[in-house]
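A short worksheet on the structure shown next.
The values are calculated or read from the model by the stated rules, or taken from the named source; none is laboratory data. From a predicted model like this one, the values you see are computed outputs, not experimental measurements. Cβ placement follows ideal geometry from the backbone for every residue including glycine, while neighbour counts extend to all protein chains displayed. Areas reflect the complete protein model, heavy atoms only, side chains present, ligands, DNA and RNA absent. Shrake-Rupley method; radii C 1.70, N 1.55, O 1.52, S 1.80 Å.
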Amino acid sequence: MARNIQSLERAAAMLRLLAGGERRLGLSEIASALDLAKGTAHGILRTLQAEGFVEQDPASGRYQLGAELLRLGNSYLDVHELRARALVWTDDLARSSGESVHLGVLHQQGVLIVHHVFRPDDSRQVLEVGAMQPLHSTALGKVLSAYDPVAHNEAVEVEREAFTARTVTDPDGFEAILDLTRARGYAADIEETWEGIASVAAPIHDRRRMPVGAVGVTGAVERVCKDGELRPELIAAVRDCARAVSRDLGAGRF
């Protein structure tokens, strides 16, 4: 069994100690509570402070949790709020479209599927929550890349793999797709990631009008497309779903 890293264990214990107190704690109190030498405790605190996880009061020299932990916590809560707000609307979208619905967010250099509604038939399907999709070829990924500057940077800085003959990998072509996505308000993936599969996705915004995710419909090309183009009613349904979730998140009208 792999051994735990002692310094990380001590840092985690220190954060829990600070989180459990109702007041700021001094170096001696922290070192005593965790049975650490003052020098060791101070080194860990200094590192946590440099990363924004701990703040030191200039007047008293005492420590408390930092703003970076709050930001990370809000990010975690945002994903759960997004999923909770989207439940009803994504169920409705699956019923009206007859296709699978995915809710995705930016994670590292891809799209993390945080919610998946099966298409409403009796076919055997695999739950894809937790799966990762590429940014440059999927409809969800293109939406995130078009509206989220961080996602855009992630997409352009990595090598874009050609999954099919339709996958756009060159920089200029990819940027043109993102421009089109912003102009239309949705993104398409017609056999660019998987042969025989097409999808359409639209952006979800929060109360700050910031992009926090994307919702999309995915299915067989012959069902999602007509004459080689996405079915207009599916595009409208996906965009309506994205707007509804955005409104529930406080974004107002788009």
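Brief remarks follow.
- Taken over segment 17-28, the residue count meeting the criterion of being out of contact with any Leu (no Cβ under 9 Å at 6 or more places or on another chain) and open to solvent by 50 Å² or more (accessible area, probe 1.4 Å) is 4.
- Hits in segment 217-230 (condition: touching a residue at least 60 places away in the same chain (Cβ under 8 Å), surrounded by fewer than 24 Cβ atoms within 10 Å (Cβ to Cβ) and either within 20 Å of Leu135 (Cβ to Cβ) or hydroxyl-bearing (Ser, Thr, Tyr) (or both)): none
- Subset of segment 90-99 (residues that are touching a strand residue (DSSP E or B) at 6+ places or on another chain (Cβ under 8 Å) and not in a loop (DSSP other than H, G, I, E, B)): Thr90, Asp91, Leu93, Ala94, Ser97
- The listed residue being surrounded by 21 or more Cβ atoms within 10 Å (Cβ to Cβ) and in a strand (DSSP E or B), out of His102, His116: His102
- When segment 159-184 is filtered for residues that are touching a strand residue (DSSP E or B) at 6+ places or on another chain (Cβ under 9 Å) and over 23 Å from Ile235 (Cβ atoms), the ones remaining, listed by number, are Arg160, Glu161.
- One residue from Ala202, Ala176, Ala220, Ala187 being out of contact with any helix residue (DSSP H, G or I) (no Cβ under 6 Å at 6 or more places or on another chain) and under 19 Å from Tyr147 (Cβ atoms): Ala176
- Per-region count, segment 206-216, residues of a type outside the set (Gly, Ala, Ser), open to solvent by less than 30 Å² (accessible area, probe 1.4 Å) and in contact with a Gly (Cβ under 9 Å, 6 or more places away or on another chain): 2
- Verdict on Val150 being open to solvent by 20 Å² or more (accessible area, probe 1.4 Å), assigned to a helix (DSSP H, G or I), more than 13 Å from Ala214 (Cβ to Cβ) and hydrophobic (A, V, I, L, M, F, W, C): yes
- Flag if Arg119 is under 30 Å from Thr138 (Cα atoms) and in contact (Cβ under 8 Å) with a residue 12 or more places away in the chain: yes
- Selection of first residues in segment 132-145 that are of a type in the set (Lys, Arg) and at pLDDT 95 or above and of second residues that are in a helix (DSSP H, G or I) and crowded, with 24+ Cβ neighbours inside 10 Å, restricted to Cβ pairs under 9 Å at least 6 apart or on distinct chains, gives the following pairs, ordered by first then second residue: Lys142/Ala155.
- Filtering Ala202, Ala198 for residues that are over 21 Å from Val114 (Cβ atoms) and surrounded by 13 or more Cβ atoms within 10 Å (Cβ to Cβ) leaves a single hit, Ala198.
- Test: His136 is open to solvent by less than 40 Å² (accessible area, probe 1.4 Å) and out of contact with any strand residue (DSSP E or B) (no Cβ under 7 Å at 6 or more places or on another chain): yes
- Residues within segment 50-85 that are modelled with pLDDT of 85 or more, within 17 Å of Ala11 (Cα to Cα) and either open to solvent by less than 50 Å² (accessible area, probe 1.4 Å) or part of a loop (DSSP other than H, G, I, E, B) (or both), tallied: 6
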